[in-house]
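The values are calculated or read from the model by the stated rules, or taken from the named source; none is laboratory data. Everything numeric here is computed off the predicted structure, so don't read it as measured data. Please note: Cβ atoms are built from the backbone with ideal geometry, for glycine as well, and neighbour counts cover all protein chains shown.
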Amino acid sequence: MGKSGIDRPADGGGDLDLQAVLGRIQAAREAILAELRKVIVGEDEAIDQVLAALLAGGHCMIQGPPGTAKTILISSLARVMDLEFKRIQFTPDLMPSDISGTEILEEDTSTGHRFIKFVRGPVFTNILMADEINRTPPKTQAALLEVMQEKQVTIGGKTNPLPQPHYVLATQITLEQEGTYPLPEAQQDRFMVSVAMDYLPEDEEVEVIRRSTSIGEVELQKVIGGKDLLEFTRAVRLVALPAVLGKYVVDLVAASRPTVPDHPSFVGEYVAWGAGLRASQNIAFISKATAAMHGRDTVAAEDIRKAIVPVLRHRIGLSFRAEVDRVSVEDIIRRLLEAVPEPTAA
Amino acid sequence: MTEPTVEEMGVEVIERIGAGKKKILGEIRKAIIGQDQIVEDVITSFFAGGHCLITGVPGLAKTLLISSLGRAMHLTFRRVQFTPDLMPADITGTEILEEDLATKKRELKFRPGPIFTNILLADEINRTPPKTQAALLEAMQEQQVTVSGRTHDLQRPFFVLATQNPIEQEGTYPLPTVQQDRFMFHLLIDYLPKREELEVVNQTTGAQVEDIETVMTGEELLEYQDIVRQAPVAEPILRYAVRVAALSRPTHGQAPEFVRTYVSWGASIRASHYLILGAKARAVLAGRPHVSVQDVQSVAYPVLRHRVVTNFRAESEGINSEEIIRRLLETAKPPKSGL
């Protein structure tokens, strides 16, 4: 299978019928979009970005002002997937053990022996919604990020693996508020994508309100399960990334670094620090997932153009100059796409 | 989900609700003197199925108001005094180890916390640390409590009235804007005028007051909440409510100059939601099947008060969110018909 002249990744999938699974991924995306549109208006792009991250097996950060359907997006997504879902509201007094769990002393009533038992924290779930992660102090944030990375919790020398699949969908309020602890760059980097949600155009807000103030709970159908998702994640890795497009990804990311000699002039002016290696990897991942969501087995340049925005959003640091001139990360990404020539005849 | 016509809803249902509200008011008046606006707004939020945040100094009959409402509607009522050492489990409940005396077997049993009630008065919510506040707000949002992996549904109807000290007081943990957003209304309660205070003194120190009678049940209230949601709203009025909320956002393309200058954070989409839901409740409670611009405007203050955050410049010039709301209502053009 696959198109001639394109190297497909070595098949770790064994019995996986790529074309068939890609067809199921495409159908699943359409069904999920249809379900979510019942409760969310005008956010198809954000839904697609979160979905791509889930299919690529990555964690997701969602940013935006209060009341922009961040929570609804995540909890509805969890409802259309047959997966266990838990939510933690991050607060200034949340402790690491409130996330990962604690050991308690228990007595066996028949023998009178006492033993230490591990009570699992809410992180032991398939989808964890970490609400307002920037309201909690760094030590607690670090506890979550460590668990995300290692996919296990080690307490008292014993290792407790997390259930699979395991996703963290975190929200951050972009409100410049007192008493928040912004995630350091290195920690943000652990999230595959950063999705931005904003206020809707007034017409769409009218539509949301018309529905939300009327009668009737909306029933969401379960569309896929955990096993599907694990299989889909495997299939996404098998989507081919043509060599010229791989180079395009690396060129785009390298162009964002002010330390690279031949960077575009606007990068030198407005960017304090550029995107790292994880950015290139994750653009490749999200591009593959995007191709799969459209039933394609090979990445196209348009997939990369779509993927670059959510992947780079939290990986480029702006200079003071950018702040003064009101240049946003999105502006930088747009100009990167203009500056780096797209490969022809891909 | 198409909206039924007034004929389908039945004008007589709406009249029944209007009459029911009058009866409730009559009962409350036996116990509460004055505070007309607060009483009105609390009843409105009851019928809209939203929660209320009240800011005001202690001793202004908040407990009496809410317990009277509970009695008039035959609803269970609990009060929790929030303290700096209150824990989440003190609100939601805990699992305790119980021994069956006959079999000597031990098992975990869920002891429901005070949140398992129809009406919860969360007194001085800003005296408790954030984690405990979050436990209450999460339960409000999700209508359920999860303890040790087991989920317990809250009672219906469920209504939280949280009170806050005015922020000047020390040792408080102010609710973040995002958490305040969960409350439908933010009401301000102030001292009574002298004349009414005298009346309270006379009444409370005089002969025994009349008992409050049950004039509506919880089931009826649930049914009425559905009817409120069914009340039709004309398109121009929907647009007007969204417009008012949208113009309060400094990032909005057409935000007025005073919003750009004084507002650091505008109203969320929940504001437009509650403007409409509150207006529907107000119309139905007045026995009217149609929502008017007036209905939207009269809930604008309690809906927007905690959602429009002013900046330092506003503070130094003495401009508060009340003033911003007043100007917003002047700026947003109401639809010509429909008043």
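Observations
- Of the listed requirements (1) touching a Pro at 6+ places or on another chain (Cβ under 8 Å); (2) buried (at least 19 other Cβ atoms within 10 Å of the Cβ); (3) assigned by TED's automatic domain parsing to the domain that holds B:Pro130, B:His51 misses just one: (1).
- Among the conditions (1) in contact (Cβ under 8 Å) with a residue 12 or more places away in the chain; (2) not in a loop (DSSP other than H, G, I, E, B), the only one that B:Glu107 does not satisfy is (1).
- Of the residues making up the stretch A:141-151, just one is buried (at least 23 other Cβ atoms within 10 Å of the Cβ) and not aliphatic (A, V, I, L, M), namely A:Gln141.
- All positions within the stretch B:206-250 that are among the charged types (D, E, K, R), part of a loop (DSSP other than H, G, I, E, B) and more than 14 Å from every other protein chain (Cβ to nearest Cβ): B:Glu210, B:Asp211, B:Glu213
- Filter pass, B:Glu138 being outside any strand (DSSP E or B), within 11 Å of chain A (Cβ to nearest Cβ) and either in contact with a strand residue (DSSP E or B) (Cβ under 6 Å, 6 or more places away or on another chain) or not aliphatic (A, V, I, L, M) (or both): yes
- Check on A:Lys158, over 25 Å from A:Glu231 (Cβ atoms) and more than 14 Å from every other protein chain (Cβ to nearest Cβ): yes
- Of all residues in the stretch B:256-285, those that are within 7 Å of chain A (Cβ to nearest Cβ), touching a residue at least 40 places away in the same chain (Cβ under 8 Å) and within 12 Å of A:Thr213 (Cα to Cα) total 4.
- Checking each residue in the stretch B:306-339 for being surrounded by 11 or more Cβ atoms within 10 Å (Cβ to Cβ) and either assigned to a strand (DSSP E or B) or of a type in the set (A, V, I, L, M) (or both) picks out B:Val308, B:Val309, B:Thr310, B:Ala314, B:Ile319, B:Ile324, B:Ile325, B:Leu328, B:Leu329, B:Ala332.
- Residue pairs meeting the criteria (Cβ under 6 Å; at least 6 apart or on separate chains; first closer than 24 Å to A:Gln281 by Cβ, in the stretch A:177-191; second in a loop (DSSP other than H, G, I, E, B) and at pLDDT 75 or above): A:Gln188/A:His314; A:Phe191/A:His59
- Residue match in the stretch B:250-260 (condition: within 17 Å of the chain's Cα centre (by Cα) and either in the same structural domain as B:Gly20 (by TED's automatic domain parsing) or modelled with pLDDT under 95 (or both)): no
- Residue count, the stretch B:228-261 (criterion: touching a Lys or Arg at 6+ places or on another chain (Cβ under 9 Å) and of a type in the set (A, V, I, L, M, F, W, C)): 8
- In the stretch B:91-126, the residue that is nearest to the chain's Cα centre (by Cα) out of those that are away from chain A (no Cβ under 14 Å) and among the basic types (Lys, Arg) is B:Arg111.
- All conditions but one from (1) without any contact (Cβ under 8 Å) to a residue 12 or more places away in the chain; (2) within 15 Å of B:Pro302 (Cα to Cα) apply to B:Val244; the one that does not is (1).
- Of all residues in the stretch A:131-154, those that are among the aliphatic types (A, V, I, L, M) and touching a Leu at 6+ places or on another chain (Cβ under 6 Å) total 0.
- A:Arg87 being at the interface with chain B (Cβ under 10 Å from one of its Cβ atoms), in contact (Cβ under 8 Å) with a residue 40 or more places away in the chain, under 23 Å from A:Leu230 (Cα atoms) and crowded, with 20+ Cβ neighbours inside 10 Å: yes
- Residue list for the stretch B:146-163, filter: crowded, with 19+ Cβ neighbours inside 10 Å and either of a type outside the set (Gly, Ala, Ser) or without any contact (Cβ under 8 Å) to a residue 60 or more places away in the chain (or both): B:Leu154, B:Phe158, B:Phe159, B:Val160, B:Leu161, B:Thr163
- Test: residue in the stretch A:184-193 that is in contact with a Lys or Arg (Cβ under 8 Å, 6 or more places away or on another chain), closer than 30 Å to A:Lys38 by Cβ, in a loop (DSSP other than H, G, I, E, B) and more than 14 Å from chain B (Cβ to nearest Cβ): no
- You will find that of A:Ala143, A:Ala170, the residue that is away from chain B (no Cβ under 14 Å) and in a strand (DSSP E or B) is A:Ala170 and no other.
- Residue pairs meeting the criteria (Cβ under 7 Å; at least 6 apart or on separate chains; first assigned by TED's automatic domain parsing to the domain that holds B:Asn202, in the stretch B:17-40; second surrounded by 18 or more Cβ atoms within 10 Å (Cβ to Cβ) and of a type in the set (Phe, Trp, Tyr)): B:Ile17/B:Tyr224
- Scanning the stretch B:207-218 for residues that are more than 14 Å from B:Arg16 (Cβ to Cβ) and surrounded by fewer than 17 Cβ atoms within 10 Å (Cβ to Cβ) yields a count of 7.
- Condition broken by B:Asn202, with the remaining ones in (1) crowded, with 19+ Cβ neighbours inside 10 Å; (2) more than 12 Å from chain A (Cβ to nearest Cβ) satisfied: (1)
- Qualifying residues in the stretch A:317-335 (those that are more than 22 Å from the chain's Cα centre (by Cα) and part of a helix (DSSP H, G or I)) - the one nearest to A:Ala300 (Cα to Cα): A:Arg335
- Those helices (runs of 4 or more DSSP H) of the stretch A:224-300 in which 1 or more residues are among the polar types (S, T, N, Q) and surrounded by 23 or more Cβ atoms within 10 Å (Cβ to Cβ) occupy A:277-293.
- Looking only at the stretch A:90-109, and only at residues there that are more than 8 Å from chain B (Cβ to nearest Cβ) and assigned to a helix (DSSP H, G or I), the one that is surrounded by the fewest Cβ atoms within 10 Å (Cβ to Cβ): A:Ser97
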